[in-house]
Structure formats: C-alpha cells, structure tokens
Amino acid sequence: MAEEANFKCLRCGHQFKAPFSPKDEPQERACPECGSNSVRRIKEKAKKK
C-alpha cells in the first residue's frame, strides 16, 4: 500500500496530498487545480527527537 505524500504545483502553487511509493517514481502527476504537470513532492524535514 502506498503512503501519502505532500505535493506542490510549481505553476499555481497549489499544495495537495496524493499516494506515493518510491518504487513508482518517477511518476508524472497533474495538479488537481490547474492541470499542470509541473508538480514536485515536498519532502518533510526530519523531526528532532
């Protein structure tokens, strides 16, 4: 089962969650707001213990 990751559209700035699996990368995604395929995954910063 794929986990969810945060993505951001570089065209309109919309941020959204979508299923993500490292083994499926690179996978082209489209922004649900503007339809652009200029979408990048937002990597979460490591949490301090």
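Can you list residue pairs whose Cβ atoms sit under 9 Å apart, with the first residue in segment 1-17 being under 15 Å from GLU28 (Cβ atoms) and at pLDDT 95 or above and the second being in a strand (DSSP E or B) and of a type in the set (Gly, Ala, Ser)? Count only pairs 6 or more apart in sequence or on different chains.
Final answer for the pair search is PHE7/ALA18.
Quick check on segment 29-45: of everything there that is touching a strand residue (DSSP E or B) at 6+ places or on another chain (Cβ under 8 Å) and charged (D, E, K, R), which residue is nearest to LEU10 (Cα to Cα)? Outline the logic, then answer.
Within segment 29-45, the first condition is being touching a strand residue (DSSP E or B) at 6+ places or on another chain (Cβ under 8 Å), and the residues that meet it are 29-34, 36, 38-42, 44.
From what is left, the residues that are charged (D, E, K, R) are 29, 33, 40-41, 44.
Values: ARG29: 12, GLU33: 12, ARG40: 7, ARG41: 10, GLU44: 17 Å.
This residue is ARG40.
The values are calculated or read from the model by the stated rules, or taken from the named source; none is laboratory data. For clarity, every value in this text was computed on a predicted model and none was experimentally measured. Virtual Cβ from ideal backbone geometry, glycine too; neighbours counted across all protein chains shown.
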